[in-house]
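Below you'll find the structure, written out as structure tokens, and then a few comments.
The values are calculated or read from the model by the stated rules, or taken from the named source; none is laboratory data. Because the structure is predicted, anything quoted here is derived from the model rather than measured. Note that each Cβ is placed from the backbone with ideal geometry, even for glycine, and that neighbours are counted across all protein chains shown.
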Amino acid sequence: MNLCIDVGNTTINVGLFEDNRLKDQFALTVEIIKTQDEYAALIKQQVINKNIDITKISNIIFSSVVPALNIPLKEAFRSVFKQELMIIEPGIKTGLSFKVDNPLEIGNDLIADLVGAKEVYGYPCIIADLGTASKILLLDKNGYFSVALIVPGISISAENLTHRAALLPSVSLEKPKTILAKNTIEAMNAGILFGHSDMILGLVNRIEKELGYPTKHILTGGGAIYVKEILKDSFIYDPNINLIGLNLIINKNEAKYEK
């Protein structure tokens with residue numbers, strides 16, 4: 001079995017794969033102040049809760065976009081699972097080809113998205129990964145990763161609106177019933193979620209117009225839960241494409257992976 005770890009700015013997602021099938025998963029909240037021992041205790045509790053037999057874990061891959069947590073988290077997972085971790089770094093096989101200025105700038109989370117989408121959905125395709133930041137990624141008709149757009153995510157937009165506008169309250173995001181908002185909370189909720197959805201659609205339309213051909217559309221990331229119903233006619237919702245990509249990277253590199 002393979003264990004795949006994706007550390008984002010808000011959530012640590014962990015997926016357990018058996019025969020290339022996502023068998024189980026769990027998530028932890030990112031807290032910079034937590035120590036290695038505190039994270040190890042949380043991981044051990046999840047192992048117990050999920051009844052995971054650590055002796056059956058053959059490979060572990062670790063992907064992170066939070067440098068401050070890399071050392072404590074890697075050591076925490078090593079201490080629990082008693083083995084080394086595969087790290088996404090230059091030289092690791094991904095099966096991706098690039099048409100961008102500097103491939104080394106590409107975050108591990110985006111690499112995993114692209115690997116998963118290319119394998120599962122083929123190309124050309126556009127991936128909208130909605131997290132702390134919302135990312136729009138293109139695999140063109142030749143299978144090259146050639147476009148990346150980054151904008152503030154849904155939660156950041158909502159928080160900044162509340163913090164910067166003194167008279168506006170905090171709002172709990174949920175699927176809007178209508179665009180015809182009748183009060184402040186409805187106005188904020190509908191404006192943020194319909195607005196973000198239409199922004200994504202607009203960016204995708206601009207990309208396809210400039211490309212001159214249509215693409216498949218994949219929606220993923222923690223923030224996608226808020227807009228998946230709004231975008232269901234235009235996007236395939238796949239919340240696990242990142243973990244699937246990490247598992248594929250293990251498979252591409254297992255022979256050279258030193259445990």
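Just for helices (runs of 4 or more DSSP H) wholly inside the range 104-221: which have at least 1 residues that are over 28 Å from A27 (Cβ atoms) and of a type in the set (S, T, N, Q)?
184-211
May I ask you to say which residue of I54, I71, I87 is exposed (fewer than 15 other Cβ atoms within 10 Å of the Cβ), closer than 29 Å to V147 by Cβ and touching a residue at least 24 places away in the same chain (Cβ under 8 Å)?
Exactly one of I54, I71, I87 is exposed (fewer than 15 other Cβ atoms within 10 Å of the Cβ), closer than 29 Å to V147 by Cβ and touching a residue at least 24 places away in the same chain (Cβ under 8 Å), namely I87.
Search the range 127-145 for residues being of a type outside the set (A, V, I, L, M, F, W, C) and surrounded by 18 or more Cβ atoms within 10 Å (Cβ to Cβ), and hand back the single one that is farthest from L231 (Cα to Cα).
Going through the qualifying residues, I end up with D140.
Conditions first: (1) polar (S, T, N, Q); (2) in contact with a Gly (Cβ under 6 Å, 6 or more places away or on another chain); (3) not assigned by TED's automatic domain parsing to the domain that holds G221. S134 passes all but one, so which condition is the exception?
Against the list (1) polar (S, T, N, Q); (2) in contact with a Gly (Cβ under 6 Å, 6 or more places away or on another chain); (3) not assigned by TED's automatic domain parsing to the domain that holds G221, S134 comes up short only on (3).
I244 - would you say it is under 18 Å from the mean Cα position of the chain (by Cα) and not in a loop (DSSP other than H, G, I, E, B)?
In short, yes.
Just one of L28, L22, L110 is over 19 Å from N251 (Cα atoms) and among the aliphatic types (A, V, I, L, M); which is it?
One residue alone meets the criteria, L28.
Exactly one condition in (1) in a loop (DSSP other than H, G, I, E, B); (2) touching a helix residue (DSSP H, G or I) at 6+ places or on another chain (Cβ under 9 Å) is false for K232; which is it?
Condition not satisfied by K232: (2).
Give me the residue from the range 160-205 that is buried (at least 17 other Cβ atoms within 10 Å of the Cβ) and polar (S, T, N, Q) and, out of that set, farthest from the chain's Cα centre (by Cα).
Ranking the candidates gives N189 first.
Being farther than 30 Å from G212 by Cβ, at pLDDT below 95 and outside any helix (DSSP H, G or I) narrows it down to one residue among N51, N70; which is it?
Just a single option satisfies the conditions, and that option is N51.
Yes/no per residue for (1) within 13 Å of I5 (Cβ to Cβ); (2) polar (S, T, N, Q); (3) in the same structural domain as G221 (by TED's automatic domain parsing); (4) assigned to a strand (DSSP E or B):
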site: Y39; (1), (2), (3), (4): yes, no, no, no
site: Q45; (1), (2), (3), (4): no, yes, no, no
site: T55; (1), (2), (3), (4): no, yes, no, no
site: S79; (1), (2), (3), (4): no, yes, no, no
site: D101; (1), (2), (3), (4): no, no, yes, no
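Of all residues in the range 92-107, count the ones that are on the phi < 0 side of the Ramachandran plot and modelled with pLDDT of 90 or more.
6
Among the residues of the range 191-211, is any over 16 Å from E119 (Cα atoms), at pLDDT below 95 and among the β-branched types (V, I, T)?
yes
So, of the residues in the range 1-39 that are in contact with a strand residue (DSSP E or B) (Cβ under 6 Å, 6 or more places away or on another chain), over 16 Å from K50 (Cα atoms) and of a type outside the set (A, V, I, L, M), which turns out to be modelled with the highest pLDDT?
Among those that are in contact with a strand residue (DSSP E or B) (Cβ under 6 Å, 6 or more places away or on another chain), over 16 Å from K50 (Cα atoms) and of a type outside the set (A, V, I, L, M), it is D6.
Return the pair list, or none, for Cβ contacts closer than 8 Å from residues in the range 187-207 that are in contact (Cβ under 8 Å) with a residue 24 or more places away in the chain to residues that are outside any helix (DSSP H, G or I) and of a type in the set (S, T, Y), at least 6 apart or on different chains.
H196/S134; I200/S134; L201/S234; V204/T215; V204/S234; I207/T215
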